[in-house]
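Q: Structure incoming, see below.
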4 protein chains.
Amino acid sequence: MQKFNYGPENPEITYVSHKYDEHLFDTGDAIINYAATGSPDKPAIVLIPGQTESWWGYEKAMGIMADYFHVFAVDLRGQGRSSRTPGRYTFDNFGNDLVKFITFVVARPVVVSGLSSGGVIAAWLSAYAPPGMIRGAHYEDPPLFASEITPAYGPSLRQGVGATFKLWSTYLGDQWCIGDWGEMLKSARDILPPGHLRLFEALYGTMTEPPQHIKEYDPEWARAFVTGTVGASCDHARMLSRVKCRCYLPIIFHKLMRRLVI
Amino acid sequence: MQKFNYGPENPEITYVSHKYDEHLFDTGDAIINYAATGSPDKPAIVLIPGQTESWWGYEKAMGIMADYFHVFAVDLRGQGRSSRTPGRYTFDNFGNDLVKFITFVVARPVVVSGLSSGGVIAAWLSAYAPPGMIRGAHYEDPPLFASEITPAYGPSLRQGVGATFKLWSTYLGDQWCIGDWGEMLKSARDILPPGHLRLFEALYGTMTEPPQHIKEYDPEWARAFVTGTVGASCDHARMLSRVKCRCYLPIIFHKLMRRLVI
Amino acid sequence: MQKFNYGPENPEITYVSHKYDEHLFDTGDAIINYAATGSPDKPAIVLIPGQTESWWGYEKAMGIMADYFHVFAVDLRGQGRSSRTPGRYTFDNFGNDLVKFITFVVARPVVVSGLSSGGVIAAWLSAYAPPGMIRGAHYEDPPLFASEITPAYGPSLRQGVGATFKLWSTYLGDQWCIGDWGEMLKSARDILPPGHLRLFEALYGTMTEPPQHIKEYDPEWARAFVTGTVGASCDHARMLSRVKCRCYLPIIFHKLMRRLVI
Amino acid sequence: MQKFNYGPENPEITYVSHKYDEHLFDTGDAIINYAATGSPDKPAIVLIPGQTESWWGYEKAMGIMADYFHVFAVDLRGQGRSSRTPGRYTFDNFGNDLVKFITFVVARPVVVSGLSSGGVIAAWLSAYAPPGMIRGAHYEDPPLFASEITPAYGPSLRQGVGATFKLWSTYLGDQWCIGDWGEMLKSARDILPPGHLRLFEALYGTMTEPPQHIKEYDPEWARAFVTGTVGASCDHARMLSRVKCRCYLPIIFHKLMRRLVI
């Protein structure tokens, strides 16, 4: 079996080049990598990727959006070329990284749009960012409550994507300390519930090495979700009660996935 | 027995007036109360109170310091007239409140000086604040490691002030939901180790109601320390390895207290 | 307001006399109080009370059952006249107390019947007791999964009775260290969801002191359920996969309660 | 690199034969493997192995002891040929397995002697076993307090053997789900403190596969210690306050090890 070890310390095997230039911003707590396009005379929008995504998951969309927005797409800590911060992956820290990014890099009020876990962070910003900073928020398929381990409403992480995250965490390891992609694929068959396995195998089953978007991911994210440390100080019910701007919350992929999975 | 219920929702029984005007700053996540004195042509300093302290613990010092500094003294979330944020008392959140305070209120590089728990937050800022924001940091008697529940070095919270914090948490309750000062004093005799009890009784033994500085304190702070949630995503060993500015770390009171307590 | 302090250390205000004699059995880890009736030539049955119940919740039933069974009704640790064991209320410990009780007191195979939390312990015995010890198990309205904080299936404790348990834990305190019955009733109005409050007020609303069954209860039970420590090493899904005897699982009261509560 | 997968499901690669016959006893909760020698007319003694040991760590000693004792040496759950019980490795469960073993197999009062973690379980038995069951207890180099994550006294697990346990847990995995011995040896160099590394390399550095005693070990033990779940309901200070029989507590190896390590 082959051991993979990806991350900022092994950039040559981890990253590929993209259509847009990448830039680094130091929040003091983490280095945040981002790309930008469009023009400053348009409204500013910040795009927040989902779990196992990097900024360039928005690469195609950015081209289309550039006509209407000054577009910023970021790597969160633990994604892409941004810092790895062991023990410090929390919604509060993800959110505060972006508050600093918006303050110092964008430097004017923004619309935020986040996908999946990024949608939860968009919700965080709409609740906890400084007054006036967020003009509107788009939560795209956010696992509100569903990414918590003891949610106020609905099924918990354990009852959904938890088994997949546990698989990643166990066989890839914090900062790829394990990196056993092959064993992960094999173990999926024993560990994942049937519907999840079907999706998992459709996505990854034939790959002899991780796809690009997984290479750029710190698997400690998965552990932070499974153990609940990611949201230990950020109850979703409380967070949503604090939202201070207009929000748009479409649920498309997760509904579709549910159909596939169940 | 008498039930006490202090906090921003009962301001008339909780607060007293002070020599300096108080101001409010909204971080989006919390309202931060502060006082300021001295002149903007002097270096800026931010004073960070300890547990069960409010900004006015620095009231006398501010008069002396005003000749040399533009002085800002803050109430952290859960102190004084600042917000109560149930479930959200963490070093990362305390620290990021101050990053926003310094960015938007002070608006230039600062020296920070924190006492006790405030000293840990001064350390947080010296490690995690944006580059160039902190000119120097003064940690005054900070319980580095000693306020953690599983520290990398030295005795843990349980082996030190933990019993006292547990007492406060149990008999005062989150946001003063219990407020049983009298029972707390009585139970101290059963619960506190001898040295701690001696100090505790010297400080509070004869008081039929809480002293002013305790009235302004959210006892959920104590619970956050006892359970370790305050530092769950902020290991002190890692934090100190990230310090990026000059620090001054005097240990005076804690040594003295150790002599009294042991 | 009046402070109540119940438990084995204050027997004269805590306990009342009953129709059946009470006996004590020392497991080494806890003193288990029990009553017995019926004849040794009938099949043995062990009755396991629910949360906030003592053995005498079965007092009337015991008279009827005595014609058919050698009936044993127990107080679990933290109930009635059995031991208080701070920090040690877990399903594994409740269950192992009964294994020893059956081994040394009943001394032959038994049927077990448990109500509510006691039903979960009946399930524990049907899964984990020594081979041949349990002839059959009756789980009466057991909160399987529903008393877990991160269950494999269905709503968690937080989404059900959790708020009520948190109320008990906060205002009564471990081993009645708070004992503020009056404040508990008042706070219920702010804290409990409407349906739960209706039930709670119907049961306790007019009582100026705790009813007998609550006096005999160690409120640390409630905390052990809210924090999940009670089941930290006893996942219900795994437990049920290990059941080795015939079980009868009627759901009556909890369905009724759901109708009242929702 | 080679993946190893040991345990009762792969007996042919996991176990070797021994001088004494092995027997299985079913507690209902776990299958306990043991060997016995000596004569029933001598006092009974139960030998409890340490972490990463199996009963046959006592194989030589048993020959010598057989002149004086009826000797029983056990595999605890997660050791040797005893059951693997995912999620259920706690001191309370280890201890209660032995209470049943002594009740049903030995069937008379015993002396217990445990090494290292086994010494903590000997302490558990001296505190929590049924009255009269334990005639005396020998704790051999037990990590009292030192195996807790938030001990009442002294350094915690994190400050001692924790890094080694974390290494085992990460690279071997619960029930050998990872089994990456080679990567474990390599990572030791980055992760272990110098003294621990020296000991670790002296023991394992040249081994291309795990030694016999490690093959028979469920690495979930290590995780249960690192996370503290093993002792979550068994505080050592409280346990020791409950000891009811004579104890002999020699500290030899741990002192020696400290000299090697520090």
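The values are calculated or read from the model by the stated rules, or taken from the named source; none is laboratory data. Not measured: the values here are computed from a predicted model. Neighbour counts are summed over all protein chains in view; Cβ atoms, including those assigned to glycine, are modelled from backbone coordinates with ideal geometry. SASA here: full protein model, heavy atoms, side chains in, ligands and nucleic acids out. Shrake-Rupley method; radii C 1.70, N 1.55, O 1.52, S 1.80 Å.
Q: Considering only C:Ser169, C:Pro109, C:Ser187, whose Cα is most displaced toward the positive end of the charge dipole of the stretch C:108-262, charges sitting on Cβ of Lys, Arg (+1) and Asp, Glu (-1)?
A: C:Pro109
Q: Roughly how large is the B-A contact in terms of buried accessible area, totalled over both chains, probe 1.4 Å, nearest 100 Å²?
A: The B and A chains share an interface burying roughly 2000 Å².
Q: Let me ask another. With point charges of +1 on the Cβ of Lys and Arg and -1 on the Cβ of Asp and Glu, referenced to the Cα centre of chain A, which listed residue (A:Leu157, A:Phe225, A:Pro8) lies farthest in the positive direction of the dipole?
A: Most positive-ward Cα: A:Leu157.
Q: Could you pull out the chymotrypsin sites (Phe, Trp or Tyr not before Pro) across the stretch C:106-168 that fall in loop regions by DSSP (anything but H, G, I, E, B) with no more than 16 other Cβ atoms inside 10 Å?
A: Here the sparse-neighbourhood loop sites are C:Tyr153.
Q: For chain A, take the longest principal axis of its alpha carbons; what is the angle in degrees between that and the long axis of helix A:181-191, to the nearest 10 within 0 to 90?
A: 80
Q: What number comes out for the charge environment of D:Ile102, summing +1 per Lys or Arg and -1 per Asp or Glu over other residues with Cβ under 12 Å away?
A: So the surrounding residues net to +3.
Q: Could you tell me how many cubic angstrom of Cα convex hull volume the stretch A:196-243 has per residue?
A: Considering the Cα atoms of the stretch A:196-243, their hull volume per residue is 133 Å³.
Q: Semi-axes of the stretch C:165-208's equivalent ellipsoid from the Cα gyration tensor, sqrt of 5 times each eigenvalue, largest first, rounded to whole Å?
A: Ellipsoid half-lengths, sorted descending, are 18, 11, 8 Å.
Q: Taking a probe of 1.4 angstrom, what is the accessible area of A:Lys42 in Å², to the nearest 10?
A: Using a 1.4 Å probe on the heavy atoms, I get roughly 70 Å².
Q: In addition: Just tell me which aspartates and glutamates come within less than 13 Å, Cα to Cα, of D:Lys166; anything on the same chain fewer than 8 places away is out.
A: Cross-link targets: A:Asp174, D:Asp174, D:Asp190, D:Glu220.
Q: Check which residues have an amide H placed less than 5 Å from D:Tyr15's amide H, if you skip close sequence neighbours.
A: none
Q: Another one. What 222 nm value per residue comes from the helices of chain C, counting each DSSP H run with n ≥ 4 as -39,500 (n - 2.57) and dividing by all residues, nearest 500 deg cm²/dmol?
A: Computed mean residue ellipticity for chain C: -10000 deg cm²/dmol.
Q: Hey, rough spin-label estimate for C:Asp67 and C:Phe104, points 7 angstrom out along Cα→Cβ, what's it come to in nanometres?
A: For the pair C:Asp67/C:Phe104, the computed spacing is 3.6 nm.
Q: Right, here's the next one. Rounded to whole Å and sorted largest first, list the principal axis extents of the Cα atoms in the stretch B:1-63.
A: Extents along the principal axes, in whole Å: 51, 30, 20.
Q: Please list 3J(HN,Hα) in residue order for the stretch B:158-175, calculated via the Karplus relation 6.51 cos²θ - 1.76 cosθ + 1.60 where θ = phi - 60°; whole Hz, with x for glycine and proline.
A: 4, 8, x, 7, x, 4, 5, 5, 5, 4, 4, 4, 5, 9, 9, x, 3, 6
Q: Defining a contact as two alpha carbons under 8 Å apart and six or more residues distant in sequence, what relative contact order in percent does the stretch A:119-262 show?
A: Relative contact order here is 39 percent.
Q: Here's another thing I want to ask about it. For the stretch D:70-125 and the stretch B:187-248, what is the separation of their Cα centres, given in Å?
A: The two parts, judged by their Cα centres, are 40 Å apart.
Q: Can you give the local net charge around C:Ser54? Use residues other than it whose beta-carbon is closer than 13 angstrom to its beta-carbon, Lys and Arg +1, Asp and Glu -1.
A: Value of the local net charge: -3.
Q: Using a Gaussian network model of chain C whose springs link C-alpha atoms within less than 10 Å, name the residue from C:Glu183, C:Glu12, C:Glu209 with the highest mean-square fluctuation.
A: C:Glu12
Q: If you don't mind, another one. Suppose a student asked you for the relative contact order of chain C, using Cα pairs under 8 Å spaced at least 6 residues apart; what percent would you report?
A: 23
Q: If I fit a long axis through the Cα atoms of helix A:91-101 and take the longest principal axis of the Cα atoms of chain A, what angle between them do I get, 0 to 90°, rounded to 10?
A: Value to nearest ten degrees: 40.
Q: Please report the relative contact order for the stretch A:32-176, taking Cα pairs under 8 Å with a sequence separation of at least 6, and give it as a percent rounded to a whole number.
A: Relative contact order of the stretch A:32-176: 21 percent.
Q: Name the aspartates and glutamates eligible as straight-distance cross-link partners of A:Lys100: C-alpha to C-alpha under 15 Å, and not fewer than 8 places from it in the same chain.
A: Output for A:Lys100: A:Asp26, A:Asp29, A:Asp75, A:Asp92, B:Asp29, B:Asp92, B:Asp97.
Q: For a 30 Å ceiling on Cα separation, which of these pairs sit above it: C:Lys244/D:Lys244; B:Lys3/C:Lys19; D:Lys186/D:Lys215; C:Lys60/C:Lys215; B:Lys186/C:Lys19?
A: Table pairs above 30 Å Cα-Cα are C:Lys244/D:Lys244; B:Lys3/C:Lys19; B:Lys186/C:Lys19.
Q: Just to confirm, what accessible area per residue do you get for the protein assembly as shown at 1.4 Å probe, in whole Å²?
A: Accessible area per residue, the protein assembly as shown: 40 Å².
Q: Same structure again: Assuming R0 = 60 Å, what is the FRET efficiency of B:Asn5 and A:Asn5, from their Cβ-Cβ distance, to the nearest 0.05?
A: 0.60
Q: Give me the Debye-computed log₁₀ of I(q)/I(0) at q = 0.19 Å⁻¹ for the stretch A:130-262, equal point scatterers on Cα only, no solvent, two decimals.
A: One equal scatterer on each Cα of the stretch A:130-262 leads to -1.20.
Q: Principal axis lengths of chain A from Cα atoms, whole Å, largest first?
A: Over chain A, Cα extents along the principal axes are 52, 44, 33 Å.
Q: Sticking with this structure for a sec: Helix C:117-128 versus the longest principal axis of chain C: what angle, 0 to 90°, nearest 10, using Cα atoms?
A: Tilt relative to chain C: about 40 degrees.
Q: Counting just the Cα atoms, what span does the stretch C:7-125 cover along each of its three principal axes? Round to the nearest Å and put the largest first.
A: Taking max minus min along each principal axis of the Cα atoms, the stretch C:7-125 gives 38, 30, 25 Å.
Q: From the P(r) of the protein assembly as shown, can you give the percent of Cα pairs sitting at distances over 39 Å?
A: Looking at the protein assembly as shown, the distances longer than 39 Å represent 50 percent of pairs.
Q: Something else: List the residues of the stretch C:73-109 whose accessible area drops by at least 10 Å² when all protein chains are present, compared with their chain alone, using a 1.4 Å probe and counting only protein heavy atoms.
A: Listed by number, the residues meeting the 10 Å² cut-off are C:Pro86, C:Gly87, C:Arg88, C:Thr90, C:Asp92, C:Asn93, C:Asn96, C:Val99, C:Lys100, C:Thr103, C:Phe104.
Q: Which of the chymotrypsin sites (Phe, Trp or Tyr not before Pro) across the stretch A:1-68 are loop residues per DSSP, with 16 or fewer other Cβ within 10 Å?
A: Taking the stretch A:1-68 and a limit of 16 other Cβ atoms within 10 Å, the loop chymotrypsin sites (Phe, Trp or Tyr not before Pro) found are A:Tyr68.
Q: Quick one: among D:Gly38, D:Gly114, D:Gly80, which has the greatest mean-square fluctuation in a GNM of chain D with alpha-carbon springs under 10 angstrom?
A: In the Gaussian network model the winner is D:Gly38.
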